[in-house]
Amino acid sequence: MKEVKAYVKTHKLDAVILALHKIEDLSGMSVVTVRGFGHRHEESGRDHQLEEFVDHAKIEVVCRDQQAEHIIKTIQHAAHTGLHGDGKIYVTHVEQAIRIETGETGENAV
């Protein structure tokens with residue numbers, strides 16, 4: 001199983017959610033509004049400029065391994081503006097999942 005965590009511009013959130021809803025067998029998603037900052041790389045590639053805090057949306061999806069790439073590409077396409085600060089996507093391995101309601105574990109819980 002994988003966890004796909006994406007930070008996207010808030011004005012692109014609806015487009016990302018709509019795109020993710022079109023994925024068959026999507027287990028679900030969580031969305032949280034977050035504030036953060038990054039380092040802006042100057043054109044020289046050497047200088048870094050600290051930025052102000054900016055609002056973003058964080059989307060979390062836990063999925064089967066074979067779904068991860070499709071989810072990543074969907075988020076990347078829907079969130080892309082080509083401008084600075086489009087966001088980031090992180091993917092991690094999920095060791096275990098447990099559905100509290102039924103006691104199902106592993107991929108069956110996703």
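The values are calculated or read from the model by the stated rules, or taken from the named source; none is laboratory data. Nothing here was measured: the structure is a model prediction, and the numbers come from that model. A quick note on method: Cβ atoms are made from the backbone with ideal geometry, for glycine too, and the neighbour counts reach across all protein chains shown.
Step by step: first the residues of region 28-60, then only those that are of a type in the set (S, T, N, Q) and modelled with pLDDT under 90, then the one that is farthest from Lys88 (Cα to Cα). Which residue is that?
Checked region 28-60; the qualifying residue farthest from Lys88 (Cα to Cα) is Ser44.
Given (1) in a loop (DSSP other than H, G, I, E, B); (2) at pLDDT 95 or above, identify the lone condition not met by Ile71.
(1)
Since Lys58 meets every condition but one in (1) loosely packed, with under 14 Cβ neighbours inside 10 Å; (2) without any contact (Cβ under 8 Å) to a residue 60 or more places away in the chain; (3) not in a helix (DSSP H, G or I), which condition does it not meet?
(1)
Which pairs have Cβ atoms under 7 Å, sit 6 or more apart or on different chains, and link a residue in region 1-26 that is within 26 Å of Gln96 (Cα to Cα) and modelled with pLDDT of 95 or more to one that is basic (Lys, Arg) and not in a loop (DSSP other than H, G, I, E, B)?
Lys5/Lys58; Tyr7/Lys58; Tyr7/Lys88
Name every residue in region 91-110 that is touching a residue at least 24 places away in the same chain (Cβ under 8 Å), surrounded by 11 or more Cβ atoms within 10 Å (Cβ to Cβ) and either under 16 Å from the mean Cα position of the chain (by Cα) or assigned to a helix (DSSP H, G or I) (or both), in order of residue number.
Answer for region 91-110, where residues must be touching a residue at least 24 places away in the same chain (Cβ under 8 Å), surrounded by 11 or more Cβ atoms within 10 Å (Cβ to Cβ) and either under 16 Å from the mean Cα position of the chain (by Cα) or assigned to a helix (DSSP H, G or I) (or both): Val91, Thr92, Val94, Gly106, Glu107.
Those residues that are closer than 22 Å to Ala19 by Cα and modelled with pLDDT of 95 or more, I need them from region 82-105; list them, please.
Answer for region 82-105, where residues must be closer than 22 Å to Ala19 by Cα and modelled with pLDDT of 95 or more: Lys88, Ile89, Tyr90, Val91, Thr92.
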